[in-house]
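Taking it in order: structure first as structure tokens, then the write-up.
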Amino acid sequence: MVESVHLVKGAIDALLDRNCQDAAVYKVGSFVGYTDYIVVATGRSSRQIKSLADEVESRVRSLGGKIIGVEGREAGDWVLVDCGGVVIHLFQESSRDYYKIDELWSSYKVAPEALK
């Protein structure tokens, strides 16, 4: 089984490769029981959100990880990619502002370069 920290690094690399905006990582494993990390990123359009989701899925699989599920791909304003130990939320800016997910997890934020 692939460690969550390797999957989160791969997901961040995939998102940055596809020019996401405002990527953030939250280490929530000590607080929630369903995942170790939450990654949040913004795309400029539904098309970019879908592209970000595709790239994350591809990268996670190439690292030996599994995709548990993907939700919201059809609408494209908020796509969730569940990789087990890492859950990735991909938003258009208006949806990210509306749901305020960053505020919810702010005390668990970690810098991507600090992941070891």
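The values are calculated or read from the model by the stated rules, or taken from the named source; none is laboratory data. Just so we're clear, the structure is a prediction, and the values are computed from it rather than from any experiment. Positions of Cβ are generated from backbone atoms using ideal geometry, with glycine treated the same way; all protein chains shown enter the neighbour counts.
The table below lists the values:
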| read-out | value |
| --- | --- |
| Residue within region 90-98 that is charged (D, E, K, R), in a loop (DSSP other than H, G, I, E, B) and surrounded by fewer than 18 Cβ atoms within 10 Å (Cβ to Cβ) present | no |
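One line per residue, one yes/no per condition, for (1) modelled with pLDDT under 95; (2) charged (D, E, K, R); (3) in contact with a Ser or Thr (Cβ under 9 Å, 6 or more places away or on another chain):
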{"position": "Met1", "(1), (2), (3)": "yes, no, no"}
{"position": "Asp17", "(1), (2), (3)": "yes, yes, no"}
{"position": "Tyr34", "(1), (2), (3)": "yes, no, no"}
{"position": "Ala41", "(1), (2), (3)": "no, no, no"}
{"position": "Asp54", "(1), (2), (3)": "no, yes, no"}
{"position": "Ser58", "(1), (2), (3)": "no, no, no"}
{"position": "Ile67", "(1), (2), (3)": "no, no, no"}
{"position": "Val70", "(1), (2), (3)": "no, no, no"}
